[in-house]
Amino acid sequence: MIPPGSAASPLFLREDEIRRGIELLYFGYGNLTRSVDAILTKQGLGRAHHRALYFIARQPDLMVSELLALLAITKQSLGRVLNELIERSLVESHPGEQDRRQKLLRLTPAGLDLEMQLFDGLRSRMAAAYQQAGQGSVTGFWHVLEGLIPDQDRKMVAALREHL
């Protein structure tokens, strides 16, 4: 692992430094998502269901089209995920107030409970990693991740911060 107080090489744009960052991102994200896999498996759900629950929890009354953009999956894949979540009474759908053609999504009490269980597993790992890294490193980490977001998606991602 990274020794305390160590910094990236001044040659941080070299291939080996970039590969190290990619590898850390893969392994870190894999470990983070595996931390909730047991809960999902017990429910008979997968990671796509988890991502949908997460973003619906972050933005109650989220439009289906907005969720589709956030998840960057096909309409058909999202349809399968949403149908299953609705059938299990974890998500409810209702028409928009101004435009009745809109489908707005909201978690049910059972959906909120499940999403909170999943979030608790993620929160403990992220909090431990943040604490170990320190505030300045967390800010730097955020900057790197934001740099990976395409310009056309930045507004959508920034909107999530409004729901903190």
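The values are calculated or read from the model by the stated rules, or taken from the named source; none is laboratory data. Computed from a prediction, not measured in an experiment: that's the story for all the values here. Here Cβ is always computed from backbone atoms with ideal geometry, including for glycine, and neighbour counts include all displayed protein chains.
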query = Is it fair to say Leu70 is out of contact with any strand residue (DSSP E or B) (no Cβ under 7 Å at 6 or more places or on another chain), part of a helix (DSSP H, G or I), hydrophobic (A, V, I, L, M, F, W, C) and under 19 Å from Leu160 (Cα atoms)?
reply = yes
request  = Determine if segment 121-130 includes at least one residue that is touching a strand residue (DSSP E or B) at 6+ places or on another chain (Cβ under 6 Å) and either free of Cβ contacts under 8 Å to residues at least 24 places away in the same chain or more than 13 Å from Leu45 (Cβ to Cβ) (or both).
outcome  = no
task = Would you be able to say whether some residue in segment 141-159 is at pLDDT below 95, polar (S, T, N, Q) and surrounded by 12 or more Cβ atoms within 10 Å (Cβ to Cβ)?
result = no
key: Residues of segment 79-106 satisfying the condition of being aliphatic (A, V, I, L, M), touching a helix residue (DSSP H, G or I) at 6+ places or on another chain (Cβ under 9 Å) and more than 23 Å from Arg34 (Cβ to Cβ)   = Leu82, Val91, Leu104, Leu105
key: Any chance Leu112 is outside any strand (DSSP E or B), touching a Ser or Thr at 6+ places or on another chain (Cβ under 9 Å) and within 22 Å of Lys42 (Cα to Cα)   = no
Residues (on the phi < 0 side of the Ramachandran plot and among the small types (Gly, Ala, Ser)) located in segment 60-74 = Ser65, Ala69
remark   = Note on segment 31-61: residues closer than 15 Å to Val91 by Cα and either among the aromatic types (Phe, Trp, Tyr) or part of a helix (DSSP H, G or I) (or both) are Gln43, Ala48, His49, His50, Arg51, Ala52, Leu53, Tyr54, Phe55, Ile56, Ala57, Arg58
key: Count of segment 127-164 residues which are within 20 Å of Ile56 (Cβ to Cβ), assigned to a helix (DSSP H, G or I) and either of a type in the set (Ser, Thr, Tyr) or under 15 Å from the mean Cα position of the chain (by Cα) (or both)   = 7
Filtered residue count, segment 73-87, keeping only those that are assigned to a loop (DSSP other than H, G, I, E, B) and over 16 Å from Tyr54 (Cβ atoms) = 1
request  = Among the candidates Gln131, Gln135, Gln98, single out the residue that is under 17 Å from Glu66 (Cβ atoms), of a type in the set (S, T, N, Q) and loosely packed, with under 13 Cβ neighbours inside 10 Å.
outcome  = Gln98
key: Out of Ser77, Ser89, Ser93, sole residue that is on the phi > 0 side of the Ramachandran plot and either of a type in the set (Asp, Glu) or in contact (Cβ under 8 Å) with a residue 12 or more places away in the chain (or both)   = Ser89
task = Quick one: in segment 102-123, of everything that is modelled with pLDDT under 95 and more than 14 Å from the chain's Cα centre (by Cα), which residue is farthest from Arg51 (Cα to Cα)?
result = Gln102
